[in-house]
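Below is one structure, written out as structure tokens; the observations come after it.
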Amino acid sequence: MPYLTLKMFHIVAVVLFLGNIITGVFWKDHADRSRDPKVILAILEGIVRSDRWFTIPGVVAITAFGILAAITGHYPLLRTGWILWSLVLFAIAGITFGSRVAPLQAQLVRVARAGAESGSFDWKTYHALSRSWMIWGAIATLAPLLALGLMVHKPALPGL
């Protein structure tokens, strides 16, 4: 597959990936303002589903098409600084998502489901979990945004 085609697929995957994680924050904030556990639960379940449909496949596509494009374009992956540090940032995002964001999402769903089923919403617990989700989610979002900046600007950074 030609370099520009691989690069195009890589960029499409980045757009879907970043668009999904950024709009997830918007919808969660929108649901939280309602303070209605049924609305919050529906949105959180949608965010979890969209992660399965867009975020996780996006990671696979970004990685595969990015590596294939770099190889096809004759860029040494680890010796090209902007690629190396983009991969590091992408790994940080993935580790943060897997170890912090996804487990917090599962806890948020449980609290919202309990509130929706019982009619008594534990807003204090939900809010504390939500604050942690926002902090870890910011790291998981800012890291790939920084990687995007490195990919666009291609600064002279040291590689291995």
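The values are calculated or read from the model by the stated rules, or taken from the named source; none is laboratory data. Just so it is clear, the model here is predicted, and its values are computed rather than measured. Positions of Cβ are backbone-derived with ideal geometry, glycine not excepted, and every protein chain shown enters the neighbour counts.
Which ones in the range 13-37 are part of a helix (DSSP H, G or I), over 20 Å from the mean Cα position of the chain (by Cα) and touching a residue at least 40 places away in the same chain (Cβ under 8 Å)?
As a first pass, look at the range 13-37 and keep what is part of a helix (DSSP H, G or I): 13-34, 37.
Checking the rest, the ones that are also over 20 Å from the mean Cα position of the chain (by Cα) come to 33-34, 37.
Answer for the range 13-37, where residues must be part of a helix (DSSP H, G or I), over 20 Å from the mean Cα position of the chain (by Cα) and touching a residue at least 40 places away in the same chain (Cβ under 8 Å): just PRO37.
What's the total number of residues in the range 101-160 that are touching a Ser or Thr at 6+ places or on another chain (Cβ under 9 Å) and modelled with pLDDT under 95?
Residues in the range 101-160 being touching a Ser or Thr at 6+ places or on another chain (Cβ under 9 Å) and modelled with pLDDT under 95: 1 in total.
Among LEU68, LEU78, which is in a loop (DSSP other than H, G, I, E, B) and either touching a residue at least 24 places away in the same chain (Cβ under 8 Å) or surrounded by 18 or more Cβ atoms within 10 Å (Cβ to Cβ) (or both)?
Details: LEU68 fails: in a loop (DSSP other than H, G, I, E, B).
Within the list LEU68, LEU78, the selection yields LEU78.
As an exercise: evaluate PHE97 against (1) part of a loop (DSSP other than H, G, I, E, B); (2) within 13 Å of the chain's Cα centre (by Cα); (3) of a type in the set (Phe, Trp, Tyr) and give the number of the one condition it does not meet.
Failing condition for PHE97: (1).
Checking the condition part of a helix (DSSP H, G or I), more than 15 Å from the chain's Cα centre (by Cα) and without any contact (Cβ under 8 Å) to a residue 60 or more places away in the chain, which residue from ALA91, ALA106 passes?
Working: ALA91 fails: more than 15 Å from the chain's Cα centre (by Cα).
Checking each option against the conditions leaves just ALA106.
If I ask for residues that are touching a helix residue (DSSP H, G or I) at 6+ places or on another chain (Cβ under 7 Å) and either at pLDDT 95 or above or among the charged types (D, E, K, R) (or both), which ones from the range 60-77 would you list?
Restricting attention to the range 60-77, the residues satisfying the condition of being touching a helix residue (DSSP H, G or I) at 6+ places or on another chain (Cβ under 7 Å) are 61-62, 65-66, 68-70, 72-73, 75, 77.
Result: ALA61, ILE62, PHE65, GLY66, LEU68, ALA69, ALA70, THR72, GLY73, TYR75.
Restrict the check to the range 38-58 and report whether at least one residue is under 15 Å from SER130 (Cβ atoms), buried (at least 20 other Cβ atoms within 10 Å of the Cβ), within 13 Å of the chain's Cα centre (by Cα) and touching a residue at least 40 places away in the same chain (Cβ under 8 Å).
Taking every residue of the range 38-58 in turn, at least one turns out to be under 15 Å from SER130 (Cβ atoms), buried (at least 20 other Cβ atoms within 10 Å of the Cβ), within 13 Å of the chain's Cα centre (by Cα) and touching a residue at least 40 places away in the same chain (Cβ under 8 Å).
Does VAL111 fit the bill of being part of a helix (DSSP H, G or I) and buried (at least 16 other Cβ atoms within 10 Å of the Cβ)?
Values: part of a helix (DSSP H, G or I): yes; buried (at least 16 other Cβ atoms within 10 Å of the Cβ): yes.
Against the criterion (part of a helix (DSSP H, G or I) and buried (at least 16 other Cβ atoms within 10 Å of the Cβ)), VAL111 qualifies.
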